[in-house]
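To keep things clear, I will list the structure first and then write my remarks on it.
The values are calculated or read from the model by the stated rules, or taken from the named source; none is laboratory data. The structure presented is a predicted model; accordingly, all values stated were derived computationally and were not measured. We place every Cβ from the backbone using ideal geometry, glycine too, and count neighbours over all the protein chains shown. Surface areas here come from the heavy atoms of the whole protein model, side chains and all, with no ligands, DNA or RNA. Shrake-Rupley method; radii C 1.70, N 1.55, O 1.52, S 1.80 Å.
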Amino acid sequence: MSPQKWAENVIKQDEIDRYLIDDEDFMNEDLIKRQLQENTSPSKEEVEAIIQKSLDIERLSPIETAKLLNVDDPEILKMMDEAALEVKRKVYDNRIVTFAPLYCSNLCVNNCKYCGFRKDNKEEKRRVLNMDEIKAETEALVKEGHKRSIVVYGEHPASDVDYIVDSIKSVYDVEVPTGNSTSKIRRVNINAAPMTVADLEKLWEVGVGTYQVFQETYHRPTYNKVHPSGPKSNYRWRLYSLHRAMEAGIDDVAIGALFGLYDWKFEVMGLLYHTMDLEKQFDGIGPHTISFPRLRDASGTDYSASSRYSVSDEEFKKLVTVLRLAVPYTGLIVTARETPEMRREAIKRGSTQTDASTKLGIGSYSEQLTEQEKEKQQFMLGDTRGLDTVIKEFAEMGMITSFCTAGYRCGRTGDKIMNLLKCGTEGKFCKLNAVLTFREWLDDFASPETKEVGEKVLQEELKQIENDPFFEDKKLLADFKNFYERIKNGERDIYI
Ligand code: SAM
Ligand code: SF4
């Protein structure tokens with residue numbers, strides 16, 4: 001079948017219609033615009049009351065969120081920034097999670113105006129990795145110490161669901177000797193085009209982690225303008241891609257917007273309405289994470305330079321703060337599109353996950369790419385530092401990098417994890433597993449300099465665990481101590 005024919009058969013209308021309520025989708029543009037226009041200049045007292053709700057780990061309403069988006073007073077903004085960090089500490093403590101993207105294919109039937117992979121971009125050298133090549137890429141990541149990866153694909157019959165299934169299996173298959181055991185990618189997340197429920201079920205069966213789809217822009221006219229052809233030109237097919245994933249059993253889903261295509265305040269409201277609709281239709285389970293990439297230059301397009309909606313650094317910082325306060329229990333991902341400085345700013349405002357060692361060229365972890373090939377990638381990065389350097393920086397900021405994937409493997413996903421996150425209990429399990437997995441990582445992969453700083457953070461965590469009655473009361477302390485000693489002696493991948 002030709003790629004064109006294949007693309008024409010992707011969308012199944014009944015798998016959109018069944019999620020509409022009264023024939024309408026959840027994005028009411030006029031309503032959002034009105035909410036943003038009518039809720040300007042909130043008083044300090046109003047903002048304090050809204051912040052208190054966030055500190056109680058409750059999701060904010062659209063009107064409350066609109067009020068926060070419209071705060072311009074520097075003093076109130078500072079108060080919001082501080083509250084955002086406090087919310088993060090309450091739910092996620094001082095932990096940060098790292099991952100590496102793995103680009104498998106750049107063939108694409110779509111023509112997104114901002115993306116180097118788009119069909120009509122003749123500058124892009126096209127490639128689809130075979131399974132041996134995927135294993136070589138994975139091995140390079142595992143050898144750096146990565147335990148989580150997000151695997152990324154263009155939309156094309158050459159990287160259809162069967163290819164995605166095989167690639168997930170290939171990533172999970174790779175093991176590299178460490179300690180007196182082995183190390184591997186323990187959680188394979190994917191960023192791939194919207195699919196049918198039947199295809200998503202195939203992904204679930206092979207143990208896909210989080211399924212991530214960015215709506216790019218929630219503003220329909222802009223969406224239609226920047227996605228002129230291919231299945232991606234259907235706004236609603238994409239809008240309900242994660243509803244279908246939930247129906248297929250993948251209860252860890254991730255949303256995002258590409259900031260710089262349309263008004264950033266509108267996009268934050270879109271992300272909130274998306275969260276609310278997932279929670280409404282799936283028993284309170286919203287997205288596991290929210291991403292907020294900013295548009296970057298890409299090969300063969302000057303879309304980012306010409307966009308009148310580009311988001312300044314100040315606006316970027318504010319949007320992270322507002323997202324943290326609006327959805328206190330949801331993970332927030334800041335990516336290597338940002339510079340090291342902006343990543344630090346996002347983390348100080350409550351981001352919980354970030355990528356490291358990032359390379360976007362297909363095959364670029366295991367092969368040396370030429371300078372010219374490096375230029376021809378999906379988009380340009382702001383930060384290409386390796387995992388060791390990034391972890392050292394976090395340790396210097398007093399943060400522990402967690403490689404814990406225990407929650408998922410013990411079935412703490414979907415509604416279970418949401419409830420645990422909301423009441424702060426998941427944070428407790430995570431603290432123990434963060435220490436165990438950081439011990440492993442320091443012993444297996446850290447440079448001497450990173451080990452020195454990392455060790456200080458680890459010792460501080462050990463002290464806190466020892467002094468927190470929760471662990472003794474729940475009879476977790478003895479097991480933890482036993483596991484910690486076993487890991488020091490070379491055992492790997494044991495968790496509470
Ligand atoms: N093809 C799939 C899709 O579009 O959903 C997944 C892969 S796509 C490579 C992953 C994400 O990269 C997109 O959802 C988009 O948000 C982001 N992206 C594309 N072009 C970008 C650019 N120029 N700058 C920053 N992010 C970009
Ligand atoms: Fe293809 Fe995704 Fe790039 Fe659009 S963003 S051109 S769908 S790879």
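Mean projected area of the Cα convex hull of the stretch 32-83, taken over all directions, amounts to 3.3 nm². When the C-alpha to C-alpha distance is required to be over 20 Å, the pairs from Lys78/Lys348; Lys431/Lys475; Lys348/Lys392; Lys135/Lys451 that qualify are Lys135/Lys451. Considering only Leu477, Ala198, Tyr153, and ranking their Cα positions along the charge dipole of the chain that arises from unit charges at the beta-carbon of Lys, Arg, Asp and Glu, the one farthest toward the positive end is Tyr153. Just so you know, the Rg over Rh for the chain is 0.95, from Cα atoms, with Rh as the Kirkwood radius. From most to least packed by mean Cβ count within 10 Å, the peptides 436-442, 67-73 give 436-442, 67-73. Each residue, Ser43 and Phe470, gets one label point 7 Å from its Cα in the Cβ direction; the gap between the two is 3.6 nm.
Stretching the chain fully between Met276 and Lys456 yields a gain of 60.8 nm (0.36 nm per residue, less the alpha carbon separation). In terms of the mean number of neighbouring beta-carbon atoms within 10 Å, the peptides 184-197, 21-34, 382-395 order highest first as 184-197, 382-395, 21-34.
Under 5 Å between amide H atoms, partner at least 5 residues away or on a different chain: which partners does Leu258 have, H built in plane at 1.01 Å? Placed amide hydrogens put Glu216, Thr217 under 5 Å from Leu258. Give me the percent of the accessible area of the stretch 75-139 that comes from carbon and sulfur atoms, probe 1.4 Å, all protein chains in place. The nonpolar share, carbon plus sulfur, comes to 51 percent.
Just the number please: accessible area per residue for the chain, 1.4 Å probe, all protein chains included, in Å². On a per-residue basis, the chain sits at 39 Å².
When the inverse distances between all different Cα atoms of the stretch 258-398 are averaged and flipped, the Kirkwood radius reads 16.5 angstrom.
Taking the three principal axes of the alpha carbon atoms in the stretch 1-101, the coordinate ranges are 59, 39, 23 Å, sorted in descending order.
Each peptide in 466-472, 486-492 was scored by the mean count of other Cβ atoms within 10 Å over its residues; highest first, the order is 486-492, 466-472. Every helix of 4 or more DSSP H residues in the chain counts as -39500 (n - 2.57), and over all residues that averages to -14500 deg cm²/dmol at 222 nm. Look at the dipole of the stretch 1-137 built from charges on Cβ: of Leu69, Gln35, Val91, the Cα furthest out on the positive end belongs to Val91. Beta bridges from DSSP with both residues in the chain: antiparallel share about 15 percent, rounded to the nearest 5. Ignoring lysines fewer than eight residues from Lys225 along the same chain, the ones with Cα atoms less than 19 angstrom from its Cα are Lys113, Lys119. Placing unit charges on each Cβ (+1 for Lys and Arg, -1 for Asp and Glu) gives the stretch 219-367 a dipole about its Cα centre, and among Gly260, Pro221, Tyr235 the Cα reaching farthest toward its positive end belongs to Pro221. In terms of distances greater than 18 angstrom between alpha carbons, the cross-link table entries Lys147/Lys359; Lys428/Lys463; Lys125/Lys184; Lys265/Lys318 yield Lys125/Lys184.
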